[in-house]
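Quick notes on the structure that follows.
Each reported figure results from applying straightforward, stated rules to the coordinates on display, with no laboratory input. If you're wondering where the values come from, they're calculated on a predicted model, not measured in any experiment. Glycine also receives a Cβ, built like all others from the backbone with ideal geometry; neighbour counts cover every protein chain displayed.
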Amino acid sequence: MQQGLAQELAFVPDWHGDESLYSWVASYHETYGNGSHRDTGILLFGAAHACKERDAPPGISHFVSATGGHLGSLPELLRKRCSIGLFIPFLTPAKRTLFLARVEAANGPGWVATLGMSASGLSPSSHLRYCESCIDEDLANTRLPRWRRPHQLAASWICLEHSRLLKTTVHRSFTWVLPNRSIGEYLQAYPTPAQYEVLLKLSRLAQFAAFQPHLDLGAIRQSALCELRQQGVSSWSHPLSKERLTSWFCASPLAAWLKTAQTPESSLAAGTWIHDLLRGRRGDHPLKWLILWVALFSHEQEASIQRRFSSPWSEPQWDFLGQSSLWIGDPDGLPSDISHVILGAETLADAAQKLGLTVGALRDRLERIGGSGGSFRQGRQKPLHRVQAVNSIHSFIASRPGCTLRDIHRECKAAVSWLRANSPEDFAAATQKLQADSRKQMRLF
Ligand SMILES: [Zn+2]
């Protein structure tokens with residue numbers, strides 16, 4: 001509940017390094033507050049219980065007025081100083097437009113609901129995380145330790161500066177509080193070297209993702225499907241199997257580590273969510289995408305994992321009916337069965353329908369491999385028609401021993417007329433023996 005208009009603060013302290021919004025307020029409370037968490041909440045957010053939402057307090061627009069905009073605008077604060085800022089690049093363009101329209105007015109349903117992430121089953125973690133070495137450094141450099149925003153991001157479990165597992169604070173009451181060495185616990189087992197390597201990649205990917213303007217989840221999904229096929233988890237001819245996906249993920253070091261967590265994220269260890277995620281059903285959450293991505297590409301270098309995530313089309317690929325995907329391997333740039341569907345169809349629209357795509361999507365994919373829909377078909381259709389026509393003449397001759405040239409003209413009209421118009425030399429070659437027979441007969445009479 002918001003109360004009253006924001007009164008601009010007499011003095012607005014600057015940001016303390018990479019601290020989160022919650023951290024700034026806890027610092028302010030410690031230094032300038034009167035000891036009442038309620039009063040600090042009302043003063044800065046117009047909400048007495050603002051300290052409950054540690055990932056992004058309600059009433060941020062009130063905070064922007066109270067600080068005279070010196071610390072940033074509402075979208076900037078959400079994006080750069082709140083852990084849920086990581087959600088924003090994952091929004092579809094439609095959701096993003098809706099989100100931006102609601103941003104200024106969003107004081108009702110809360111940020112997570114506004115971001116459309118509440119169906120994931122992963123309640124946003126209000127558990128704050130910190131690194132013991134970072135706190136030691138803060139205490140040595142300044143009087144006040146801080147909650148670092150990168151440590152609060154979903155999937156960020158390792159301090160990248162000190163290469164150590166983060167401690168988690170389980171708050172028993174709602175207050176504005178700064179970190180100290182003994183406030184938290186290790187809520188996951190200390191990772192094995194193999195698990196540590198993957199967790200490091202995961203933490204880096206989370207921080208990379210948080211700075212991306214937009215992530216194309218459609219392309220990320222297709223790329224993930226491609227890689228699953230590459231690894232033999234799904235196959236070209238079979239739909240994704242929930243069981244196979246689950247057993248693939250359960251065998252990963254990441255799953256083994258997640259199983260040890262005493263936090264809501266441990267529910268992800270079983271891998272049963274992957275099937276729904278890839279099918280685009282409810283339950284989307286950035287944490288799931290980050291975990292899946294790192295599990296898929298943990299064999300790659302960090303830079304490559306990140307590049308693939310921000311521009312999945314940098315690796316050419318093809319999706320088919322959403323079932324699975326192929327890497328482009330043959331000279332045409334397309335798997336032969338897909339090429340056959342495209343070239344064999346009467347129109348590009350027919351081909352798109354057969355492939356379960358819109359014409360626009362098909363044209364777009366063809367352009368990615370260097371040809372628009374029309375030129376792709378024109379350039380390659382002729383050889384296909386030629387082969388089809390020659391084959392139909394050959395099979396007619398094989399099925400009718402002793403047939404004459406006249407029979408061919410009568411029974412294979414379409415093939416004959418196409419070959420005579422487009423490739424007379426092929427027609428001559430296909431019917432060479434019959435032409436010779438026909439000449440012999442003419443000589444006899
Ligand atoms: Zn650290």
Could you list Trp293, Trp418 in order of exposure, starting from the residue whose Cβ has the fewest other Cβ atoms within 10 Å?
-> Trp418, Trp293
For the stretch 197-240 and the stretch 9-62, distance of Cα centres in Å | 37
Calculate the all-directions average of the projected area of the stretch 209-318's alpha-carbon convex hull, and give it in nm².
-> 7.1
Whole-Hz Karplus couplings 3J(HN,Hα) for the stretch 180-190, θ = phi - 60° and coefficients 6.51, -1.76, 1.60, Gly and Pro as x, run 9, 3, 9, 6, x, 9, 8, 9, 9, 5, 5
Here the stretch 288-295 yields Karplus 3J(HN,Hα) values (6.51, -1.76, 1.60; θ = phi - 60°; whole Hz; Gly and Pro given as x) of 5, 5, 5, 5, 4, 4, 6, 4
Spin-label pair Tyr32/Arg279, simplified geometry with 7 Å Cα→Cβ offset, distance in nm = 5.2
For Ile393, what charge total do you get from the other residues with a beta carbon under 12 Å from its beta carbon, if Lys and Arg give +1 and Asp and Glu give -1?
-> +2
Put in order of increasing Cβ neighbours within 10 Å, starting from the fewest, Thr97, Thr67 give Thr97, Thr67
Could you line up Ser20, Ser267, Ser203, Ser310 from fewest to most neighbouring Cβ atoms inside 10 Å?
-> Ser267, Ser310, Ser203, Ser20
Take the alpha carbon gyration tensor of the stretch 128-193, find the square roots of its eigenvalues, order them as a ≥ b ≥ c, and report rounded if a/c is under 1.5; if not, report prolate when a/b exceeds b/c, else oblate.
-> oblate
Simple spin-label estimate for Ser266/Glu425, 7 Å along Cα→Cβ, in nm, reads 7.4
Spatially proximal lysines relative to Lys259 (Cα-Cα < 23 Å; intrachain offsets below 8 disregarded) | Lys167, Lys201, Lys242, Lys288
Around Glu425, with a cut-off of 14 angstrom between Cβ atoms, what is the net charge of the other residues, counting Lys and Arg +1 and Asp and Glu -1?
-> +2
